[in-house]
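First comes the structure, then the notes that go with it.
The values are calculated or read from the model by the stated rules, or taken from the named source; none is laboratory data. Here the structure is a predicted model, which means the values were calculated and not measured. Heads up, the Cβs are rebuilt from the backbone with ideal geometry, glycines too, and the neighbour counts pull from every protein chain shown.
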Amino acid sequence: MILITRNVNPLPPGLRQHTFETFKVSGFNRTGFDACCTFVRNFGKVEGGQGLLLLGSSGTGKTHLAAAIANSLKDHYSVVFAHMPTLLDRMRTTTVPLEPLLSADLLVLDDIGSERETGWTMERLLIIVDGRLTNLKPTVFTTNYDIVDLEKRVGMRVASRILGHNVQLLLEGPDWRLTRLNN
């Protein structure tokens, strides 16, 4: 489901408690954390649709930070949060309106590159990413892939638009999910 109202939380229930206050900051992720906080503080001044690309291995906090950004902005701006494989699956099986994806003040696309690669998928990604850019709307992307592998996963045209219009933030460190389980 795509929600674009300020009165309804755009995040799935499991991500609603992901805030900057609940994020575990360490030497591995301090730069990314600070950049995300700055992005939120300056969101009203963002020009040209510049957003963020959060890169890193599984469990390094990319989705947590993306959700923290969405949670910080959702009461003042229209925000859409979408898990890419789920969004594309829904687009394949039902009618998903593109307008909320293209016109929301902020779109968060979680796990880009993890969807199955097909011509149809690449076309949908291009429509969304290019539509955001032409509307000068910022997007926050998360991915487990490095820059080279991301281009292989989403194609040169989509990767060029993502890499050329967004601040790239590498999150490093242990897999916090596994660390939490082992403690």
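Quick notes
- Residue match in segment 86-99 (condition: part of a strand (DSSP E or B) and under 14 Å from the mean Cα position of the chain (by Cα)): no
- Cβ pairs under 8 Å, 6+ apart, first in segment 124-136 and touching a residue at least 60 places away in the same chain (Cβ under 8 Å), second of a type in the set (A, V, I, L, M) and buried (at least 23 other Cβ atoms within 10 Å of the Cβ): R132/L101; R132/L107
- In segment 103-130, the residues that are crowded, with 18+ Cβ neighbours inside 10 Å and hydrophobic (A, V, I, L, M, F, W, C): A104, L106, L107, V108, L109, I112, L125, I128, V129
- Among the residues of segment 132-147, just one is closer than 19 Å to G113 by Cα and basic (K, R), namely R132.
- Within segment 131-167, the set of residues being more than 14 Å from the chain's Cα centre (by Cα), surrounded by fewer than 18 Cβ atoms within 10 Å (Cβ to Cβ) and at negative phi comprises G131, T134, N135, D146, I147, V148, D149, K152, M156, R157, S160, G164.
- Unmet criterion (only one of (1) buried (at least 23 other Cβ atoms within 10 Å of the Cβ); (2) outside any loop (DSSP other than H, G, I, E, B)) for C37: (1)
- Residues (basic (K, R) and either assigned to a strand (DSSP E or B) or at pLDDT below 95 (or both)) located in segment 46-73: none
- Residue list for segment 71-104, restricted to those being closer than 18 Å to T142 by Cβ and among the hydroxyl-bearing types (S, T, Y): S72, T86
- The criterion of at least 1 residues that are in contact with a Ser or Thr (Cβ under 9 Å, 6 or more places away or on another chain), of a type outside the set (D, E) and under 19 Å from V40 (Cα atoms) is met, among helices (runs of 4 or more DSSP H) falling completely within segment 109-183, by 119-134, 156-165.
- Among the residues of segment 62-107, those that are within 22 Å of G119 (Cα to Cα) and polar (S, T, N, Q) comprise T86, T93, T94, T95.
- Residue that is surrounded by the most Cβ atoms within 10 Å (Cβ to Cβ) [pool: residues in segment 42-70 that are polar (S, T, N, Q) and touching a strand residue (DSSP E or B) at 6+ places or on another chain (Cβ under 9 Å)]: T60
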